[in-house]
Amino acid sequence: MKILPITPKTNRKKKSEEPASEAWILRLYVAGQTPNSLTAFDNLRKICEEYLECQYTIEVIDLLKNPQLAKDHQIIAVPTLIRNLPTPVKKIIGNLSNTEKVLVGLDLRMASR
Amino acid sequence: MKKNKTNANAGTTEFKKVPSGIKGFDDITGGGLPKGRPSLVSGGPGCGKTLFAMEFIVRGITDYSEPGVFIAFEEKIDDLKKNFKSMGFDLDELVHQKKLVLDHITIERTEIEETGEYDLEGLFIRLGSMIDEIGAKRIAIDTLEALFSGFTNEAILRSELRRLFLWLKDRGVTAVVTGERGERTITKYGLEEYVADCVITLDHRLMNQIATRRLRIIKYRGSVHGTDEYPFLISSDGISVLPITSMSLTHKASEERISSGIPRLDTMLGGKGFYRGSSILVSGQAGTGKTSIAATFIHAACKRNEKCLFFIFEESESQLMRNMKSIGINLEPWVKKGLLKFHAVRPTAYSLEMHLSVMLKLIGEFKPSVVAVDPISNLYPIGDDIQVRSMLMRLIDFAKSLHITGLFTNLSNDENYGVFAIEPTEMHVSSLMDAWLILKNVEGNGERNRAFSIIKSRGMAHSNQLREFVLSDKGIQLLDVYKGREGVFFGSARMAQESGEIDNRLRKNEEIERKKREIESKRKLMEIEIEMLREKYAREEVDMKILIGQDISRERTEAKTTKEIATQRQVDR
């Protein structure tokens, strides 16, 4: 398992209406280094940097190396992004190139406004 | 065990086949499903797709030691386990033995947002890891089309499905993929276009308010297969497909004869009874004693220690046994002894095909040597002539192939036909039968009697005589009917005729006696006369003799006198 903890940028302007943020745990399931998985990872990092002010962790899980996890975590499509924290668990698929949809899927659309 | 079974319709193939283990299916496909390839099973809701898929996996494990993977998109694992427990499939145990992997794939569109390009590699990895986990040779995916409800991008989905089927082929696993039936297509989303080798449809339809399950092989590349719709049955031990139309007329005819249980009938049948393995039709009107003939036949078979299966469509088991006791046939001990088994069900309980399935299944399990069906005419309300005929043909062929003697009763109800006129419906079935006994009510003199005759009995010299059929507490008796100048008489008319005849005979005897006596007395008279004549003659003879004696002595005296005279005269001479 490849775990890439990414620390958010420090000097971001705070929005007053933002609720007390908590740590985000995001898991990106991929199957090897495919163009889609690389794109997804890039897109995810950009979105996180831009919209997440709090602490966040991105775990990239390569199913080729851990095939059992596909069953355990109910993964069919790759890439799949699962937001484990904060609850509720959110699941989005695709290479995350449609930023708008990613934001909706991660409940960031509202927060960003 | 099923590997050796081949049928006449399906020839040999270049394809290797894997027995599915589903009863009958391997017969109609000539060996089962294409080995190492995916097959598609489609059908509407509740038609048995999941069962087909699961039975394929479970039988593969238990009967052919091929581990299997079952992917469920619709049912949860716990539900599956529970459902199949009732069918006698212990999925937990198979999982524990590492021969089975169950996986439930949940797809809920509401929780999935599609944010760009993706593929279904996760599914492939998932399947692959499960296959590797137990070294699976079989995989079932039920129902793959659930994917269409989970993902919106159909272009991606279709290319991934195509890839999936190729991938399954590459892995060399024998796969069963199920799909929902579509309006005009075999499956709702056209999965059939990806599966080139074998497509099967299951159907569950209503005919005359009776549900019938049918299976059809739409295509089977590289293999000859039956194209008919085959009825199938879901029972407590899984699916049974009936490959009966593939039966051919190759059964071996037995020389052995078995008693009908009615001594006189055996006499009429060339002295020895029916051939073993033959089919016998007993037809007659209501209340003519058809069931009694069947019960007597069964009674006789049980006495020979043979197993019998009695399908009854009109009475319950206990009612029939009670009724038969009244004619001195007690079937109860045979039931207790396990020699006799009843299957009592209303014909309308289920479809014709289902009846056949149940019958064949029971015959297969119980292995009787005699089967009786009472009456086949009750099947007509649930199927037309052709259907009933084809059902009976399959039943008879099946029975014959196992050397089972079958007795079928048929209720003929048209009173307008002549004494032994044949009804059109009976014509349909009679050609299937080797022997045909007919019973008929004969009315006259204010009473009704039963006439009995053998219409045909293939392969033996049989009596052409009409008999009176009499039921008593001692069972069935066949009596000679009265045949005289005035016609054929039954019952008390027969008795009256017979007693009248006795009177006549007595009268004639008396006459003869009288004449004899007359002659005797005449003779005596004559003898007396002779005696008298003889006496008269005797007397006359005596008289005559006396007279003759007198004459002689007189002559002698005369002669002497003459001599003396001469001497005295001194005649010289």
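Screening A:T39 on (1) closer than 27 Å to B:V101 by Cα; (2) at the interface with another protein chain (Cβ under 10 Å from one of its Cβ atoms) shows it passes everything except condition (1). Answer with yes or no whether A:L28 is more than 7 Å from chain B (Cβ to nearest Cβ) and at pLDDT 90 or above. Yes. Taking the criterion of being modelled with pLDDT of 85 or more and over 26 Å from B:S149 (Cα atoms), the residues of region A:65-113 that qualify are A:K65, A:N66. In this structure, B:T174 does not qualify as under 16 Å from B:E75 (Cα atoms) and within 49 Å of the chain's Cα centre (by Cα).
B:M433: part of a loop (DSSP other than H, G, I, E, B) and in contact with a strand residue (DSSP E or B) (Cβ under 9 Å, 6 or more places away or on another chain), yes or no?
Yes.
Among the conditions (1) within 22 Å of B:E192 (Cα to Cα); (2) in a loop (DSSP other than H, G, I, E, B); (3) modelled with pLDDT of 90 or more, B:F56 misses just one, which is (2).
Here B:R205 meets each of (1) part of a loop (DSSP other than H, G, I, E, B); (2) of a type outside the set (V, I, T); (3) surrounded by fewer than 18 Cβ atoms within 10 Å (Cβ to Cβ) with one exception, condition (1). Here B:P34 fits the description: within 24 Å of B:G190 (Cα to Cα), at pLDDT 90 or above, of a type outside the set (A, V, I, L, M, F, W, C) and in contact with a strand residue (DSSP E or B) (Cβ under 8 Å, 6 or more places away or on another chain). Among (1) of a type in the set (F, W, Y); (2) modelled with pLDDT of 85 or more; (3) assigned to a loop (DSSP other than H, G, I, E, B), there is one condition B:W167 misses while meeting the rest; what is its number? The failed condition is (3). Search region B:93-105 for residues being of a type in the set (D, E, K, R) and more than 11 Å from B:F70 (Cβ to Cβ), and hand back the single one that is farthest from the other protein chains (Cβ to nearest Cβ). Restricting to residues being of a type in the set (D, E, K, R) and more than 11 Å from B:F70 (Cβ to Cβ), the top hit is B:E93. Does B:V95 count as buried (at least 21 other Cβ atoms within 10 Å of the Cβ) and either over 30 Å from A:D107 (Cβ atoms) or in contact with a Leu (Cβ under 7 Å, 6 or more places away or on another chain) (or both)? So B:V95 fails the test. So, in region B:267-304, of the ones that are touching a helix residue (DSSP H, G or I) at 6+ places or on another chain (Cβ under 6 Å) and of a type in the set (S, T, N, Q), which residue ends up modelled with the lowest pLDDT? Looking at the filtered set, the residue picked out is B:S283. Assuming B:Y118 fulfils every condition listed in (1) under 49 Å from the mean Cα position of the chain (by Cα); (2) crowded, with 22+ Cβ neighbours inside 10 Å; (3) over 25 Å from B:G43 (Cα atoms) apart from one, which condition is it? Just one mismatch for B:Y118, condition (1).
For beta carbons closer than 8 Å, sequence separation of 6+ or different chains, a first residue in region B:111-125 that is facing another protein chain (nearest Cβ under 7 Å) and a second that is aromatic (F, W, Y), the qualifying pairs are B:I112/B:F151; B:E114/B:F151; B:G122/A:Y29. Report yes if B:F398 is modelled with pLDDT of 80 or more, part of a strand (DSSP E or B), closer than 30 Å to B:E256 by Cα and not polar (S, T, N, Q), otherwise no. Criteria not met by B:F398. Pairing residues of region A:74-101 that are more than 17 Å from A:I61 (Cα to Cα) and within 7 Å of chain B (Cβ to nearest Cβ) with residues that are surrounded by fewer than 20 Cβ atoms within 10 Å (Cβ to Cβ) and β-branched (V, I, T), at Cβ distances under 9 Å and at least 6 apart in sequence or on separate chains, gives A:S97/A:T39. Figure legend. Inter-residue proximity from region B:462-478: first residues closer than 14 Å to B:L437 by Cβ, second residues among the hydroxyl-bearing types (S, T, Y) and assigned to a strand (DSSP E or B), beta-carbon distance below 8 Å, spacing 6+ or different chains. Indicated pairs: B:N464/B:S453; B:Q465/B:S453; B:L466/B:S453; B:R467/B:S453. For region B:65-92, filtering for residues that are away from every other protein chain (no Cβ under 14 Å) and assigned to a strand (DSSP E or B) leaves 1.
Kindly evaluate B:E113 against the criterion of being more than 52 Å from the chain's Cα centre (by Cα), surrounded by fewer than 17 Cβ atoms within 10 Å (Cβ to Cβ) and either under 21 Å from A:T80 (Cα atoms) or aliphatic (A, V, I, L, M) (or both). No, not satisfied.
Condition first: surrounded by fewer than 16 Cβ atoms within 10 Å (Cβ to Cβ) and either away from chain A (no Cβ under 14 Å) or within 41 Å of the chain's Cα centre (by Cα) (or both). Can you find one or more residues in region B:129-143 that meet it? Yes - at least one qualifying residue is present in region B:129-143.
Okay, residues lined up against (1) modelled with pLDDT of 85 or more; (2) surrounded by 20 or more Cβ atoms within 10 Å (Cβ to Cβ):
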position	(1), (2)
B:N464	no, no
B:R467	yes, yes
B:S472	yes, no
B:D480	no, no
B:G484	no, no
B:V488	no, no
B:A493	no, yes
B:A496	no, no
B:S499	no, no
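The values are calculated or read from the model by the stated rules, or taken from the named source; none is laboratory data. Everything numeric in this text was worked out from a predicted model, so none of it was measured. With ideal geometry, Cβ positions are generated from the backbone for all residues, glycine too; neighbour counts draw on all protein chains shown.
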